Amino acid sequence: MIIPLFILILGLLIGSFLNVCIHRIPLNQTVVTEPSHCPVCGRRIKWYDLIPVVSYILLQGKCRFCKNKISIRYPLVELLNAAAYLLIYNTYGLSVQLLGMAFLVSALIVISFIDFAHSIIPDRIIVVLLIAGIIYSFFNNSITILEAVIGFFAASVPLLIIAVLSGGNMGGGDIKLMAVSGLFLGWKLILLSLILGSCIGSVIGIILIVLKKIKLKQRIPYGPFLSAGIFISIIYGQDFLRWYLNFYK
Ligand SMILES: [Zn+2]
């Protein structure tokens, strides 16, 4: 009981840091040295108002000083990150994979929210994932380094070909995202992620077109869908691959 509780609290605290990243990275601001300020009145936020989720509820979603609304995104990201950590722990237990996958998923949360709002996947996050992915591939005992290297290309190269053929309708950020994520997942799970992400994206895209929320040719940010595909692969991918192999035996 103590370990899941610790992971929950850690997930909330790191989720709080992810909010800082989501807010500051698109503005090209530093994410580590500057203390938190209210984006509306600029007043420095006290430590007791920075407790994940709890502070949001106690402040009833308003800044202590200027009473302007605090985005629901803040508690949402904290809860999302904590829930993701618990699911990863449930799948991988206390392991190197828990560390690697939690790191990747936190980055995916930041990428998804930034891509959704600004239609970009910042290179800063890609570089961090590239370095972390290379280091992780040496410690990851669930796949070989070769499988990780193939994973780097397995989903990114098909996307690159689609991008070239379609004349740039697929964003470069999506290609880089699938490349670095492949280092963490290996080629089997990253291919599964690509299939799942494309299916989720297509279904939601069609729903939005039918509901006339978007036009047929309009570009929708694909980062959140690819991220969802990667996350489902992380949690259920191993089970799926086992079932799939048994099915063909
Ligand atoms: Zn304020």
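The values are calculated or read from the model by the stated rules, or taken from the named source; none is laboratory data. Please read these numbers as outputs of a predicted model, since none were measured by experiment. Neighbour counts run over all protein chains shown; Cβ positions are idealised from the backbone, glycine included.
Determine, yes or no, whether C21 is within 16 Å of the ligand (Cβ to nearest atom) and surrounded by 15 or more Cβ atoms within 10 Å (Cβ to Cβ).
Spelling it out, it is not the case that C21 is within 16 Å of the ligand (Cβ to nearest atom) and surrounded by 15 or more Cβ atoms within 10 Å (Cβ to Cβ).
Among the residues of segment 216-235, just one is modelled with pLDDT under 95 and hydroxyl-bearing (S, T, Y), namely Y222. Of the residues making up segment 215-249, those that are within 18 Å of T91 (Cα to Cα), of a type outside the set (F, W, Y) and more than 11 Å from the chain's Cα centre (by Cα) are I232, S233, I234, I235, G237, Q238, D239, L241, R242.
Do the conditions hold for K212, that is, is it closer than 19 Å to F116 by Cβ, of a type in the set (K, R) and in the same structural domain as V128 (by TED's automatic domain parsing)?
no
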